Amino acid sequence: MIYFDNSATTKMAPEALETYSQVVTKIWGNPSSLHKLGDRAHGLLEASRKQVADLLGVNTDEIFFTSGGTESNNTAIKGTAWAKREFGKHIITSSVEHASVANTFTELENLGFRVTRLPVDKEGRVNPEDLKAALDKDTTLVSIMGVNNEIGTIQPIKEISEILEDYPNVHFHVDNVQALGKGIWDQVFTPRVDMMSFSSHKFHGPRGIGILYKRRGRMLMPLCEGGGQERGLRSGTENLAAIAAMAKATRLLLTDEKEKADREYAIKEKISKYLAGKPGIHIFSPLKADFAPHILCFALEGIRGETLVHTLEDQDIYISTTSACASKKADEASTLVAMKTPDAIATSAVRLSFDESNTLEEADEFIAAFDKIYQHFAKINHLGE
Ligand SMILES: Cc1ncc(COP(=O)(O)O)c(C=O)c1O
């Protein structure tokens with residue numbers, strides 16, 4: 001089997017699974033309980049928080065555990081919009097965000113907030129000058145992703161941070177679900193970033209657990225009221241086993257980060273070089289430093305993305321379409337559509353996403369399998385003649 005769909009989800013690391021099962025069987029008390037079982041659980045909860053904070057280089061009280069990327073994004077965005085609604089009702093995002101950001105903005109728009117969606121260029125990148133022009137005295141929030149999940153564009157978080165220095169009251173949220181552990185931290189995090197979202201199942205941790213980083217002093221309104229866990233921001237009994245396993249997965253992810261990211265890039269490079277220049281092929285994820293090392297999106301014009309996915313699946317090779325061609329819910333927020341890619345090409349796009357366990361041999365096998373499909377297709381379509 002070749003699994004090139006790591007941006008959709010990853011296989012849980014055996015070490016994280018071991019932590020999960022140890023905690024679930026041995027440290028199963030409720031961290032809020034007053035007795036010693038509760039104390040032990042509380043101790044592990046706070047140790048996990050500290051481990052994650054240290055690994056991310058932030059303060060322990062800036063880490064909040066959530067159910068994943070979607071909840072972290074919703075909490076950051078709605079939490080800001082509601083908490084600051086007396087000060088202004090203008091919120092800004094990009095036109096290439098994940099649905100958990102894009103649809104949250106739409107919901108707020110329907111509730112009376114004014115939304116600016118920044119356009120993107122041919123590489124799916126926002127122009128910081130457009131942000132500058134959009135900011136006004138009513139703006140309370142800017143939410144821009146670090147790495148695009150469909151094509152891997154790294155957004156200009158540094159330049160945006162510089163612009164926002166002049167707007168100290170505006171909350172700046174970065175969806176970094178696809179960015180952690182890819183050797184690009186200095187491009188997607190600055191001290192001006194107020195909030196960040198992360199999701200454990202994207203880096204070999206369990207499903208249904210994630211992180212919201214929230215800088216000290218930034219106020220959010222919680223989505224859920226209840227027992228006041230997570231310092232009132234996220235009520236509900238903590239999923240301790242998943243939290244501890246995620247902390248373990250974070251440590252593993254960030255060990256030898258650069259070397260692992262380089263290996264992923266080498267796979268991207270090998271497949272890209274094979275694809276480059278072939279008639280009918282369009283590559284959306286160039287080999288450039290402002291693109292993530294682990295995502296390669298391309299289209300073979302004339303074959304729908306899902307057809308390619310299923311044809312490769314028959315050979316035990318697993319890749320994805322992008323949301324543009326996930327015809328089940330063709331989504332106007334799609335990155336390729338926002339880049340004004342013609343429909344015929346956008347619906348042919350597929351995404352390959354690598355992790356550190358993938359190898360160059362797998363890249364060769366992928367190339368061999370794809371090449372057969374390509375040659376057949378090229379022949380019947382008289383490509384390159
Ligand atoms: C950029 C981005 N943000 C948010 C999410 C949602 O994360 P989760 O699956 O943990 O809710 C994803 C998942 O694909 C993503 O790629």
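From the list 259, 264, 269, the lone residue that is in a helix (DSSP H, G or I), within 19 Å of the chain's Cα centre (by Cα) and not hydrophobic (A, V, I, L, M, F, W, C) is 264.
Looking at the stretch 1-113, the helices (runs of 4 or more DSSP H) lying wholly inside it that each contain 2 or more residues that are within 16 Å of the ligand (Cβ to nearest atom) and among the small types (Gly, Ala, Ser) sit at 69-83, 99-110. The number of residues in the stretch 32-53 being among the acidic types (Asp, Glu) and either in contact with a helix residue (DSSP H, G or I) (Cβ under 8 Å, 6 or more places away or on another chain) or under 14 Å from residue 245 (Cβ atoms) (or both) comes to 1. Scoring residue 281 on the criteria (1) of a type outside the set (D, E, K, R); (2) touching a helix residue (DSSP H, G or I) at 6+ places or on another chain (Cβ under 7 Å); (3) within 16 Å of the ligand (Cβ to nearest atom) leaves a single failure, condition (3).
The one condition from (1) in contact with a Pro (Cβ under 9 Å, 6 or more places away or on another chain); (2) modelled with pLDDT under 95 that residue 238 does not meet is (2). For the stretch 269-303, filtered to residues that are basic (Lys, Arg) and farther than 17 Å from residue 375 by Cα, the residue that is surrounded by the most Cβ atoms within 10 Å (Cβ to Cβ) is 270.
Checking each residue in the stretch 125-165 for being under 22 Å from residue 104 (Cβ atoms), charged (D, E, K, R) and within 19 Å of the chain's Cα centre (by Cα) picks out 125, 150.
Results for (1) under 23 Å from the mean Cα position of the chain (by Cα); (2) free of Cβ contacts under 8 Å to residues at least 24 places away in the same chain; (3) surrounded by fewer than 19 Cβ atoms within 10 Å (Cβ to Cβ), shown as yes or no for each residue.
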site: 6; (1), (2), (3): yes, no, no
site: 10; (1), (2), (3): yes, no, no
site: 14; (1), (2), (3): yes, yes, yes
site: 17; (1), (2), (3): yes, no, yes
site: 26; (1), (2), (3): no, yes, yes
site: 29; (1), (2), (3): no, yes, yes
site: 33; (1), (2), (3): no, yes, yes
site: 40; (1), (2), (3): no, yes, yes
site: 50; (1), (2), (3): yes, yes, yes
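The single residue among 60, 80, 75 that is surrounded by fewer than 15 Cβ atoms within 10 Å (Cβ to Cβ), within 24 Å of residue 191 (Cβ to Cβ) and among the hydroxyl-bearing types (Ser, Thr, Tyr) turns out to be 60. Within the stretch 2-31, which residues are over 25 Å from residue 358 (Cα atoms) and out of contact with any helix residue (DSSP H, G or I) (no Cβ under 6 Å at 6 or more places or on another chain)? Across the stretch 2-31, the qualifying residues are 21, 22, 25, 26, 28. Cβ separations smaller than 6 Å between residues 6+ apart or across chains give the following pairs from the stretch 294-307 residues that are among the charged types (D, E, K, R) to residues that are surrounded by fewer than 24 Cβ atoms within 10 Å (Cβ to Cβ) and outside any loop (DSSP other than H, G, I, E, B): 301/345; 306/321. Within the stretch 175-189, residues that are of a type in the set (Lys, Arg) reach partners that are away from the ligand (no atom under 14 Å from the Cβ) with beta carbons closer than 7 Å, at six or more positions or on different chains, in the pairs 182/261; 182/293.
The values are calculated or read from the model by the stated rules, or taken from the named source; none is laboratory data. On a predicted model such as this, the values are computed, not experimentally measured, just so you know. Cβ sites come from the backbone with ideal geometry, for glycine too, and all protein chains shown count toward neighbours.
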